[in-house]
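Engineer: Here it is, the structure, as structure tokens.
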Amino acid sequence: MTSTASPTREKRTGRGPGRHGRGARRGLAWRMWRRCLRSGTFRTLGPFVPVVALWWLLDALEVFPESFFVGPPTVVDKLGELLEKGILPGYLSDSLTRLGYGVGFGLLIGLPLGFAVAMSRMVRRAFWPILLFFQAVADIAWLPIVIVWFGFSLTTVTFVLVYTIVFPLMLSVVAGVEQVPRELVRAARSLGAGRLRVFLEVIVPGALPSVAGGIRTGLGYGWRALVAAEIIVGTSGIGFMMFDARRVGDVSQVFLGMAVLGALWYALDALILAPFERATVERWGMVRAMEADG
Amino acid sequence: MTALKIDRLNKVYTDTYSGEEVTAIADVSFTVREGEFVSVLGPSGCGKTTVLNIVAGFVRQSGGTVVVDGRPVDGPGPDRGVVFQSHALFPWKTVLGNVVFGLRMRGVPRAERNATAEEFLKLVGLDGFAHRYPHELSGGMQQRLGVARVLANEPAVMLMDEPFASIDAQTRRKLQEDLTGIFESRRPTVFFVTHDVDEAVFLSDRIVVLSRRPSRVREIVDVTLPRPRRWQETAELPEFRRIANQVNDLLAGDENEAADGGARAGDAGGEPGAA
Amino acid sequence: MTAPTARRPAVRRPPRRRGVRSTAAGALWFFGPLAALVAAWAVAVSASGAPLRVFPQVTDVLAALGELWTSGDLWRHLGASLRRTGIGMALALVTALPFGIALGASRVLSAFFLPLLRFSVALAGIAWIPIATLWFGYGDRAVIFIVWNAMFFALTYNAMLGVRQIPTELLRAARSLGTGRLRMFWEILLPGALPSIVTGLRVGLGYGWRGLVAAEIIASNAGLGYALFQAQKYFQTDVIIASMMIIGVLWLLMDRLLLAPLERRTVERWGMTGAQGT
């Protein structure tokens, strides 16, 4: 990686001698390399290659004792074993089901409630401290009381997940509605839009960038809450798998669990969150730039 | 025909924190005829934008009346389209989506509104950009779009709030010429707020010069320059310089009074109304 | 297109006045709704006739709070939690800021680390609990590791982004005024990246706080999380709710007394508005 580092830096600062004609002198391999660098997949996944290599190296050199740290081959073996036994697919689908319920209900509750609170200035002011307070009581702190209420069940996990998602979401909706430039509402009104049209065509899209941020934050918290709930409630799921493995001292399974969690988040980010953000915020060229004009 | 009639307009703000009362507009009256281009000019902070906001229906006046097309103003409405200094284009709608917005609100069928949009995009020189997003346009193009969006809605009055203030000098001249061209060909009624004397003289049929706060109408200046106007020729006319100087003197006189300060400030406020 | 290169205060806010009147009104607007919430809770519990063992009444919770206070348990748990948060946060600041700023100063390094950091931010905190307890055993060190870990990645990531967002003209101006490397860090990079760093601190502290509670539930014998879980074991719902309220109030206090003043003194004072944090 260091060999590629220097040309790029020189290109940026323009300090390097013979900046022009340098690319031409290099051969086909260089051009291929440049093309690779420009591709999105390479740029996002490429950096993981040296990290895995480092992990491998640390394991091979036995820097840490075997009972604390295992290398990629062991983890891959474990993956094969758990896949074969059907444990991993089962736990994975349990975790995803919970996440699905939590996110689904969270969005279903948080979005309408958020807009309802945001629409009136008075209501907004009255609800703001309540939202802040509920956001402040960390979602995981609800786990014990919810266990008292619903026992060790799916409802418990769902409740905590919904909680984690609803409050950041509502806060972001309220903040997003407040950020919609007043001029835009005025423009729509003076073009003949009624209240409903202003809401649908100005307020909602104007708040979307902030809402997208809220969904991201909510999922980030929800994700963690899921793992914590699975550890504490402890019946099934990836979080449970990791903690159970830790209890019996199976390091490779703990490592595997983390790798699975990471891969899942990556998929979630790449398949759902990022496209949504690209379709709204980036396509519209950042609402903030507009505001700065005003 | 009178398109817009402003009568004894008065606006008093109450500062929410201190509870102090601030008079932004003392007493402003004037009319705009149909197909006329009237500019409102005044020293910065004199409340000219407040007048526009009241006409647009964004802000409620404390006293006096505003009548547009025979109806008193009550809230914003499509009969008064506003071109904002910040453009206020909907970033999530394409150029076309912005232009047809007003027509959609009125329920104009798609084919018809697309035809209208095309016509007005052509008028402001944006044909071929229909499917771009506003942030992909230059500042000048964005403001043309702002004008097209309002004109396509065929308002009784087009209200323009320092529309070219945030645009670089060269582009501004071009836009002023284009606006004059559009005005001369289609004759919309325009109410234009600015602090740029040359701009006001170049564009307007009449200029309403306001005093500093609390504002009153200091004088209404007729601009008798021939149309069509082009910067190159119009700015050369002795008449152009004369009117510009006259307006500049009016504004400067106001500042001198302000500089004289305290003792005379009281009656200085009363004087201009009589002038 | 007016590119957002020059950083201008994006949102015009009403001038903040710190008069007596506005402070009192602000406090009323803040505590009024919360008081209403507590009243609603009291009414709901007594009207619904729900079993008090499951849904405790306001007065029970207050009594539980009083008992926690007088028995000294409150201070023991509070002290443990705050100490861990403090140490974890200090470690995170000391390690993450130089690292993140150094990364941000180089375009190549930051491009390389960006996806890695995004990934790590997403995974930081709670998911590390099993490993942390494996490496450090149950107790203080595991909990502190979780807090540090939760904050480290968010801080590094945001510090890096913050440096990258500093306008090039600013860097050039500093260089042409003869700023040395070390000076550059203190006088330009750190303050320039501060809006983003504050956001990172907020996000990181949010993750850290949740990580703390979870880690204390799972891996410790003191602290608010532990108190919470202990009470659940003995079905003391009033103690559970009291502990939850303490956790909420503590977070609000941290936000008000730590983050908000930091933001006010720096970012807002300099007229740079950062990304909004939740």
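Engineer: Starting from residues that are of a type in the set (Ser, Thr, Tyr) and not in a strand (DSSP E or B), keep the ones in the stretch B:49-73 and report whichever is surrounded by the fewest Cβ atoms within 10 Å (Cβ to Cβ). Full working, then the answer.
Structural biologist: From the stretch B:49-73, those of a type in the set (Ser, Thr, Tyr) are B:49-50, B:62, B:65; that's our starting set.
Next, from what is left, pick out any that are not in a strand (DSSP E or B): B:49-50, B:62.
Numbers: B:Thr49: 20, B:Thr50: 21, B:Ser62: 16.
Restricting to residues being of a type in the set (Ser, Thr, Tyr) and not in a strand (DSSP E or B), the top hit is B:Ser62.
Engineer: Let me ask something additional. Going residue by residue through the stretch C:42-53, is there one that turns out to be over 30 Å from A:Ala126 (Cα atoms), part of a helix (DSSP H, G or I) and small (Gly, Ala, Ser)?
Structural biologist: So far as the stretch C:42-53 goes, no, none of its residues is over 30 Å from A:Ala126 (Cα atoms), part of a helix (DSSP H, G or I) and small (Gly, Ala, Ser).
Engineer: Oh, and also: I need the full set of residues from the stretch B:146-172 which are touching a helix residue (DSSP H, G or I) at 6+ places or on another chain (Cβ under 6 Å) and either within 30 Å of B:Thr31 (Cα to Cα) or surrounded by 24 or more Cβ atoms within 10 Å (Cβ to Cβ) (or both), in order please.
Structural biologist: Filtering the stretch B:146-172 down to residues touching a helix residue (DSSP H, G or I) at 6+ places or on another chain (Cβ under 6 Å) leaves B:148-149, B:151-153, B:158-159, B:161, B:163-164, B:167, B:171.
Listed by number, the residues that qualify are B:Ala148, B:Arg149, B:Leu151, B:Ala152, B:Asn153, B:Met158, B:Leu159, B:Asp161, B:Pro163, B:Phe164, B:Ile167.
Engineer: With the requirement that a residue be modelled with pLDDT under 90 and small (Gly, Ala, Ser), what does the stretch C:133-150 give you?
Structural biologist: C:Gly137, C:Gly139
Engineer: Identify all residues within the stretch B:126-143 that are more than 10 Å from chain A (Cβ to nearest Cβ), in a helix (DSSP H, G or I) and out of contact with any helix residue (DSSP H, G or I) (no Cβ under 7 Å at 6 or more places or on another chain); write none if there are none.
Structural biologist: Correct list: B:Met141 only.
Engineer: Could you give me the residue pairs with C-beta distances under 7 Å whose first residue belongs to the stretch A:249-265 and is hydroxyl-bearing (Ser, Thr, Tyr), whose second residue is in a helix (DSSP H, G or I) wherever it lies, and which are 6+ apart or on separate chains?
Structural biologist: A:Ser252/A:Thr74; A:Ser252/A:Val75; A:Ser252/A:Lys78
Engineer: Report yes if A:Leu184 is within 14 Å of chain B (Cβ to nearest Cβ) and more than 26 Å from A:Leu143 (Cβ to Cβ), otherwise no. Lay out the reasoning, then the answer.
Structural biologist: Values: within 14 Å of chain B (Cβ to nearest Cβ): yes; more than 26 Å from A:Leu143 (Cβ to Cβ): yes.
Criteria met by A:Leu184.
Engineer: Can you tell me which residues in the stretch B:144-156 are more than 15 Å from B:Ala130 (Cα to Cα) and either among the hydroxyl-bearing types (Ser, Thr, Tyr) or assigned to a helix (DSSP H, G or I) (or both)?
Structural biologist: B:Val150, B:Leu151
Engineer: Could you list, in sequence order, the residues of the stretch C:114-127 that are part of a helix (DSSP H, G or I) and either more than 7 Å from chain A (Cβ to nearest Cβ) or over 30 Å from C:Met184 (Cα atoms) (or both)? Explain how you work it out, then say what you get.
Structural biologist: Let us first name the residues in the stretch C:114-127 that are part of a helix (DSSP H, G or I), namely C:114-123, C:126-127.
Across the stretch C:114-127, the qualifying residues are C:Leu114, C:Leu117, C:Arg118, C:Ser120, C:Val121, C:Ala122, C:Leu123, C:Ile126, C:Ala127.
Engineer: Can you name the residue in the stretch A:74-93 that is free of Cβ contacts under 8 Å to residues at least 12 places away in the same chain and assigned to a helix (DSSP H, G or I) and, of all such residues, is nearest to A:Val254 (Cα to Cα)? Talk me through it step by step, then tell me what you get.
Structural biologist: Taking the stretch A:74-93 as the starting set, the residues that turn out to be free of Cβ contacts under 8 Å to residues at least 12 places away in the same chain are A:76, A:80-81, A:83-86, A:89, A:93.
This time we only want the ones that are assigned to a helix (DSSP H, G or I), so: A:76, A:80-81, A:83-85, A:89, A:93.
Details: A:Val76: 12, A:Gly80: 15, A:Glu81: 14, A:Leu83: 15, A:Glu84: 18, A:Lys85: 17, A:Pro89: 16, A:Ser93: 18 Å.
So, considering only residues that are free of Cβ contacts under 8 Å to residues at least 12 places away in the same chain and assigned to a helix (DSSP H, G or I), the one nearest to A:Val254 (Cα to Cα) is A:Val76.
Engineer: Could you tell me whether any residue of the stretch C:69-78 is within 14 Å of chain A (Cβ to nearest Cβ), part of a helix (DSSP H, G or I) and of a type in the set (Asp, Glu)?
Structural biologist: For the stretch C:69-78, residues within 14 Å of chain A (Cβ to nearest Cβ), part of a helix (DSSP H, G or I) and of a type in the set (Asp, Glu): absent.
Engineer: Taking B:Leu175, is it within 21 Å of B:Arg230 (Cβ to Cβ), in contact with a Lys or Arg (Cβ under 8 Å, 6 or more places away or on another chain) and either more than 14 Å from every other protein chain (Cβ to nearest Cβ) or surrounded by fewer than 20 Cβ atoms within 10 Å (Cβ to Cβ) (or both)? Give the derivation first.
Structural biologist: Details: within 21 Å of B:Arg230 (Cβ to Cβ): yes; in contact with a Lys or Arg (Cβ under 8 Å, 6 or more places away or on another chain): yes; either more than 14 Å from every other protein chain (Cβ to nearest Cβ) or surrounded by fewer than 20 Cβ atoms within 10 Å (Cβ to Cβ) (or both): yes.
Considered against the rule, which asks whether it is within 21 Å of B:Arg230 (Cβ to Cβ), in contact with a Lys or Arg (Cβ under 8 Å, 6 or more places away or on another chain) and either more than 14 Å from every other protein chain (Cβ to nearest Cβ) or surrounded by fewer than 20 Cβ atoms within 10 Å (Cβ to Cβ) (or both), B:Leu175 comes out as yes.
Engineer: Sort out for me the strands (runs of 3 or more DSSP E) sitting completely within the stretch B:1-48 that have 2 or more residues that are charged (D, E, K, R). It would help to see each step written out before you state the result.
Structural biologist: Numbers: elements: B:2-14, B:21-33, B:37-41.
Those strands (runs of 3 or more DSSP E) span B:2-14, B:21-33.
Engineer: I've got another one for you. Name the pairs: first residue in the stretch A:56-72 and within 19 Å of C:Trp128 (Cβ to Cβ), second residue of a type in the set (Lys, Arg), Cβ to Cβ under 7 Å, at least 6 apart or on different chains?
Structural biologist: As it stands, the answer is none, since no pair meets every condition given.
Engineer: Turning to a different aspect of this structure: If a residue must be more than 7 Å from every other protein chain (Cβ to nearest Cβ) and in contact (Cβ under 8 Å) with a residue 40 or more places away in the chain, how many such residues does the stretch B:95-110 contain?
Structural biologist: First pass over the stretch B:95-110, keeping only residues more than 7 Å from every other protein chain (Cβ to nearest Cβ): B:95-100, B:103-104, B:107-110.
Still in the running and in contact (Cβ under 8 Å) with a residue 40 or more places away in the chain: B:95, B:98-100, B:103.
Matching residues across the stretch B:95-110 total 5.
Engineer: Taking the criterion of being within 22 Å of A:Val51 (Cβ to Cβ), modelled with pLDDT under 90, hydroxyl-bearing (Ser, Thr, Tyr) and over 21 Å from the mean Cα position of the chain (by Cα), would at least one residue in the stretch C:109-129 satisfy it?
Structural biologist: Among the residues of the stretch C:109-129, at least one is within 22 Å of A:Val51 (Cβ to Cβ), modelled with pLDDT under 90, hydroxyl-bearing (Ser, Thr, Tyr) and over 21 Å from the mean Cα position of the chain (by Cα), which makes the answer yes.
Engineer: Say whether the condition of being of a type in the set (S, T, N, Q), within 27 Å of the chain's Cα centre (by Cα), assigned to a helix (DSSP H, G or I) and farther than 20 Å from A:Ser210 by Cα is met by at least one residue in the stretch A:94-114. Reasoning before the result, please.
Structural biologist: To start, the set of residues in the stretch A:94-114 that are of a type in the set (S, T, N, Q) comprises A:95, A:97.
Now drop any that are not within 27 Å of the chain's Cα centre (by Cα), which leaves A:95, A:97.
Narrowing the set further to residues that are assigned to a helix (DSSP H, G or I) leaves A:95, A:97.
Checking which are farther than 20 Å from A:Ser210 by Cα leaves us with A:95, A:97.
Yes, the stretch A:94-114 contains a residue that is of a type in the set (S, T, N, Q), within 27 Å of the chain's Cα centre (by Cα), assigned to a helix (DSSP H, G or I) and farther than 20 Å from A:Ser210 by Cα.
Engineer: Then there is this: Being closer than 21 Å to B:Arg187 by Cβ and basic (Lys, Arg) is true for just one of B:Arg33, B:Arg104, B:Arg60, B:Arg8. Which residue is that? Give the derivation first.
Structural biologist: Details: B:Arg104 fails: closer than 21 Å to B:Arg187 by Cβ; B:Arg60 fails: closer than 21 Å to B:Arg187 by Cβ; B:Arg8 fails: closer than 21 Å to B:Arg187 by Cβ.
Among B:Arg33, B:Arg104, B:Arg60, B:Arg8, only B:Arg33 is closer than 21 Å to B:Arg187 by Cβ and basic (Lys, Arg).
Engineer: Please state which of the following conditions A:Thr8 fails to meet, knowing it meets all the rest: (1) in a helix (DSSP H, G or I); (2) away from chain C (no Cβ under 14 Å); (3) modelled with pLDDT under 80.
Structural biologist: Of everything listed in (1) in a helix (DSSP H, G or I); (2) away from chain C (no Cβ under 14 Å); (3) modelled with pLDDT under 80, A:Thr8 misses just condition (2).
Here is a yes/no grid of residues against (1) at pLDDT 90 or above; (2) within 23 Å of the chain's Cα centre (by Cα); (3) within 14 Å of chain B (Cβ to nearest Cβ); (4) part of a helix (DSSP H, G or I):
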site: A:Ala188; (1), (2), (3), (4): yes, no, yes, yes
site: A:Glu201; (1), (2), (3), (4): yes, no, yes, yes
site: A:Ile215; (1), (2), (3), (4): no, yes, no, yes
site: A:Ile232; (1), (2), (3), (4): no, yes, no, yes
site: A:Ser236; (1), (2), (3), (4): no, yes, no, no
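Engineer: Looking for something outside any helix (DSSP H, G or I) and hydrophobic (A, V, I, L, M, F, W, C) - is there at least one such residue anywhere in the stretch A:129-139? Full working, then the answer.
Structural biologist: Residues of the stretch A:129-139 outside any helix (DSSP H, G or I): A:137-138.
From what is left, the residues that are hydrophobic (A, V, I, L, M, F, W, C) are A:137-138.
There is at least one residue in the stretch A:129-139 that is outside any helix (DSSP H, G or I) and hydrophobic (A, V, I, L, M, F, W, C).
Engineer: Quick one: would you say A:Arg125 is modelled with pLDDT of 90 or more, assigned to a helix (DSSP H, G or I) and of a type outside the set (Gly, Ala, Ser)? Lay out the reasoning, then the answer.
Structural biologist: Details: modelled with pLDDT of 90 or more: no; assigned to a helix (DSSP H, G or I): yes; of a type outside the set (Gly, Ala, Ser): yes.
No: the conditions fail for A:Arg125.
Engineer: Take the stretch A:109-163 and flag every residue that is touching a residue at least 60 places away in the same chain (Cβ under 8 Å) and within 10 Å of another protein chain (Cβ to nearest Cβ).
Structural biologist: Selection gives A:Asp139, A:Ile140, A:Leu143, A:Ile147.
The values are calculated or read from the model by the stated rules, or taken from the named source; none is laboratory data. Only a predicted model underlies this, so the values are computations on that prediction, with no experimental measurement involved. Here the Cβ is made from the backbone with ideal geometry for all residues, glycine too, and neighbour counts use every protein chain on show.
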